[in-house]
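Every read-out reported here was derived from the displayed coordinates using simple, explicitly stated rules and does not represent laboratory data. Since this is a predicted model, take the numbers as computed values, not measurements. With ideal geometry, Cβ positions are generated from the backbone for all residues, glycine too; neighbour counts draw on all protein chains shown.
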Amino acid sequence: MRLADSHCHLNYKGLAEHQTDVLQRARDSGVVAMLNISTREREWDDVVGVAEREPDVWATIGVHPHEADQHPDVDTAKLIERAAHPRVVGIGESGLDYYYDHSDRERQRASFRAHIAACRETQLPLVVHTRDAEEDTAQILREEMEQGAYPGVIHCFTASSDFADKALELGFYISISGIVTFKSAKDLQETAARLPRERLLIETDAPFLAPVPHRGKTGEPAFVADTCRFLAQLRGEDADELAEATRANFHRLFAKTLA
């Protein structure tokens, strides 16, 4: 299998201390592309630095909704400026999280729109985080799309089947994490089984959400292979073919990776 992990956090505790070994285990498992995601401004240099050193790692620039209150000065112009780096291939992760409400909801929504505006200007994909905020997320994505098209992906998809359809209608990709392997994830499994292959990505969200049979361990990009095999069986597809399709989708969406 030749795989792309479309969303991981190589600079987070649990991976950063053993980054060289983590990357080697990923490569040994067939991972040929990894997207290292930023969540706050103070991470940007380190996240991009990994992508500068490692030819199979790329980076994003963004502010997680949990961090929106702490980043009032991260506006569209700043995102555009930093996204000009050749190894930055996406903007985010950004979005709405009403489950934890670590940041004021209005501030989350303003930050989200600033990220979308940067994506519209640069045509770099938006990496969307949404939790317990389906209605507002869908509304903002739709309203902003009416102002001008932009590409994107719903990362670590756990939302409803209806939200999946709304995202697909807007042209978004949907990324499936190790959560799909959990016994409790029946609704997600039903949605993942019917998603169009040409809009499907796979991710680890490492160091979080390690899939079965690694559940409870620190997640690693290598584990994307386990999620791919489970998802292929769920969909009645060949695992190698699904790996190749999702990898091709990754490079199609994050087209700057081919530059």
Members of the range 30-87 found to be surrounded by 23 or more Cβ atoms within 10 Å (Cβ to Cβ), in contact (Cβ under 8 Å) with a residue 60 or more places away in the chain, touching a Phe, Trp or Tyr at 6+ places or on another chain (Cβ under 8 Å) and aliphatic (A, V, I, L, M), listed by number: 34, 35
Verdict on residue 252 being charged (D, E, K, R), under 17 Å from residue 174 (Cβ atoms) and free of Cβ contacts under 8 Å to residues at least 24 places away in the same chain: yes
Answer residue from the range 1-29, given it is under 27 Å from residue 71 (Cα atoms) and among the hydrophobic types (A, V, I, L, M, F, W, C) and is surrounded by the fewest Cβ atoms within 10 Å (Cβ to Cβ) among those: 16
Residue among 49, 90, 30 that is on the phi > 0 side of the Ramachandran plot and not aliphatic (A, V, I, L, M): 30
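Go through the range 111-131 and give me each residue that's assigned to a loop (DSSP other than H, G, I, E, B), of a type in the set (S, T, N, Q) and crowded, with 16+ Cβ neighbours inside 10 Å. Let's see the steps before the verdict.
Taking the range 111-131 first, the residues assigned to a loop (DSSP other than H, G, I, E, B) are 123-125.
So of that shortlist, the ones also of a type in the set (S, T, N, Q) come out as 123.
Residues satisfying the conditions do not exist here.
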Residue ID - surrounded by the fewest Cβ atoms within 10 Å (Cβ to Cβ), chosen from residues in the range 88-110 that are over 19 Å from residue 175 (Cα atoms) and in contact with a Pro (Cβ under 7 Å, 6 or more places away or on another chain): 103
Hits in the range 172-225 - residues which are under 22 Å from residue 27 (Cβ atoms) and of a type in the set (Gly, Ala, Ser): 175, 177, 178, 206, 210, 219, 222, 225
Residues located in the range 1-48, provided they are closer than 16 Å to residue 91 by Cα and in a helix (DSSP H, G or I): 41, 42, 43, 44, 45, 46, 47, 48
Of all residues making up the range 104-153, the number that are over 16 Å from residue 74 (Cβ atoms), out of contact with any Ser or Thr (no Cβ under 8 Å at 6 or more places or on another chain) and of a type in the set (A, V, I, L, M, F, W, C): 6
Long-range neighbours under 7 Å by Cβ, at least six apart or interchain, first residue without any contact (Cβ under 8 Å) to a residue 12 or more places away in the chain within the range 91-119, second among the charged types (D, E, K, R) and in a helix (DSSP H, G or I): none
Residue within the range 188-200 that is under 20 Å from residue 97 (Cα atoms), in contact (Cβ under 8 Å) with a residue 40 or more places away in the chain and within 16 Å of the chain's Cα centre (by Cα) present: no
